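Everything on this sheet refers to the single structure shown next.
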Amino acid sequence: MRQLGIGIIGSGGIARNAHMPGYKACEAQGVKIVACSDVNPDTARLAADQFEVPHVFTDYREMLALDEVDAVSICTPNYLHMQPTIDALEAGKHVLVEKPLAMNAVEGHAMVHAAKRTGMKLQVGFMTRFQSAPQALKRFIEAGEMGDIYFARAQAMRRRGIPGWGVFTQKDKQGGGPLIDIGVHILDLTLWLMGHPKPTFCSGQTYAKFGPRAGVLGLMGQWDPKIFTVEDFAAALVRFDNGATLVLESAFVANQEAREVMNTELFGTEGGCSYRPCKMFFEKHQTLIDATPAFLPEVKAHEAEVKAFVNAILEDTPVPVTGEEALMTTQIIDAIYRSSELGREVPVE
Ligand SMILES: NC(=O)c1ccc[n+]([C@@H]2O[C@H](COP(=O)([O-])OP(=O)(O)OC[C@H]3O[C@@H](n4cnc5c(N)ncnc54)[C@H](O)[C@@H]3O)[C@@H](O)[C@H]2O)c1
């Protein structure tokens, strides 16, 4: 059996909690993590010891020179997604890069272009798609059970959830606040369920009402308000070329009842649905029906994501979450930030 050698770029939280266990679960397919890297040598060593990885690097470019590395996972902070991705693709390695694709669409475009130029595979870490609820909804939508989907409402809203660690509050390293961090997940899920219609125009507004203020309660640790340079709330209306529209709301802090809302609702001419809770709504014979899928399988979404990446390489099939699809989320997010700055609707470019 052919061995598929994996390298890890950035061996922090998501690498050790999701990607590396995912590859370990693929060992029967000949997958082996042969190297890992991190600018912090202690972090790299910790990951290597935990997952029995033979080669450890502090400079990922040295790792990319190893012939036995066929593919890499890029698990660095957002501002370090583009360069390692392009370097890896140009070194002839397939890439699974964490979400969001990039800091902005200019970077994202360069990454997608590099994948096309080199012919290597580029998958993006929107693992929510692999959960069983959205997979079930997608089957109903593709079978036409919702009819024409003309509106969606997507929400990624925390009551008090500014992360108190990492670079989540720093615009220059993260690219933005909740919109680019958690809003991007629900935006991708919604676009996928809608079948990726082409976005045309967008009107958005962002706020920073709590992050820069001292003394606000933190349920996800305590951040430093003095270096809070991102939004803490964003709302937008996105138009598509098929006439559909999408309302998106994303917050790290909001005075709402729930601790967290992570949901998308789709409205179609024949039915509607929501993701969390997973439900569908129909009218049959002048009777309103609420349908709840039962006994959906338990799926480890991160593991399924890694497995799908591995299968795409081994079987030489297209990856299930493409750079082009992820670029669409980045273009919409750019447009929301631009619209908010200009105070008017803007084209999605
Ligand atoms: N899909 C998800 O559900 C999910 C969840 C969490 C994080 N993420 C994404 O994963 C990425 C990383 O997040 P995290 O929570 O693991 O952060 P983290 O801070 O725990 O890990 C990032 C690691 O990258 C390392 N690093 C920084 N610069 C580097 C470089 N030049 N070369 C090699 N390593 C370098 C850091 O030392 C750190 O160990 C982010 O883009 C985030 O959006 C996705």
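Tabulated data for the structure shown
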quantity	calculated
Cα-centre dipole for the range 41-163 with unit charges at Cβ (Lys and Arg positive, Asp and Glu negative), debye to 20	780 debye
Approximate shape of the range 5-113 as ellipsoid semi-axes (Cα gyration tensor, √5λ), whole Å, largest first	21, 14, 13
Computed [θ] at 222 nm, deg cm²/dmol, the chain (DSSP H ≥ 4; -39,500 (n - 2.57); rounded to nearest 500)	-9000 deg cm²/dmol
Dipole of the range 56-104 [Lys/Arg +1, Asp/Glu -1 at C-beta], most positive-end residue of Pro100, Thr85, Ile74	Pro100
In degrees, nearest ten, helix 132-142 long axis to first principal axis of the chain (Cα)	60 degrees
Karplus 3J(HN,Hα) series, Hz, for the range 291-304 with 6.51 cos²θ - 1.76 cosθ + 1.60 (x for Gly, Pro)	10, 10, x, 10, 6, 5, x, 6, 10, 7, 4, 5, 5, 5
Estimated dipole of the chain in Debye, rounded to 20 [Cβ of Lys and Arg +1, of Asp and Glu -1, Cα centre]	620 debye
Qualifying GluC sites (Glu not before Pro) in the range 52-121, DSSP loop, other Cβ atoms within 10 Å at most 10	Glu52
Formal net charge of residues neighbouring Leu46 (Cβ-Cβ distance under 13 Å; K, R +1; D, E -1)	-2
Leu288 paired with Lys198, simple spin-label distance in nm, labels 7 Å along Cα-to-beta-carbon	3.8 nm
Length-normalised contact order of the range 194-349 in % [C-alpha pairs under 8 Å, at least 6 apart]	28 percent
Under the Debye formula (equal points on every Cα, no solvent term), log10 I(q)/I(0) of the chain at q = 0.08 Å⁻¹	-0.40
Only Lys, Arg (+1) and Asp, Glu (-1) charged, at Cβ; the range 39-85 dipole about Cα centre in debye	220 debye
Value of relative contact order over the range 196-273, rounded to a whole percent, pairs C-alpha under 8 Å and six or more apart	30 percent
Exposure rank, largest accessible area first [Glu345, Glu265; 1.4 Å]	Glu345, Glu265
Antiparallel content of DSSP bridges confined to the chain, in %, to 5	60 percent
Degrees between helix 41-51 axis and first principal axis of the chain (Cα, 0 to 90, nearest 10)	90 degrees
Relative contact order (%) - the chain, alpha-carbon pairs under 8 angstrom, separation at least six	20 percent
Candidate residues His196, His55: accessible-area rank, largest first, probe 1.4 Å	His55, His196
Principal axis dimensions, the range 248-334 - Cα atoms, whole angstrom, descending	49, 37, 26
Residues Ala214 and Ala143, FRET efficiency given R0 of 41 Å [Cβ-Cβ distance, rounded to 0.05]	0.20
For the chain, the longest site-free run once chymotrypsin sites (Phe, Trp or Tyr not before Pro) in DSSP loop states with at most 12 other Cβ atoms within 10 Å are removed	1-164
Qualifying trypsin sites (Lys or Arg not before Pro) in the range 266-349, DSSP loop, other Cβ atoms within 10 Å at most 10	Arg344
Added length on full extension, which subtracts the Cα-Cα distance from 0.36 nm per residue, Lys173 to Lys279	34.4 nm
Cleavage-rule hits, trypsin sites (Lys or Arg not before Pro), the range 1-77, DSSP coil, Cβ neighbours within 10 Å at most 10	Arg2
Angle in degrees between helix 323-342 and the longest Cα principal axis of the chain, rounded to the nearest 10	60 degrees
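The values are calculated or read from the model by the stated rules, or taken from the named source; none is laboratory data. Being a predicted model, the structure only gives us computed values, none of them experimental. We place every Cβ from the backbone using ideal geometry, glycine too, and count neighbours over all the protein chains shown. Surface accessibility is based on the protein's heavy atoms, side chains included, excluding ligands, DNA and RNA. Shrake-Rupley method; radii C 1.70, N 1.55, O 1.52, S 1.80 Å.
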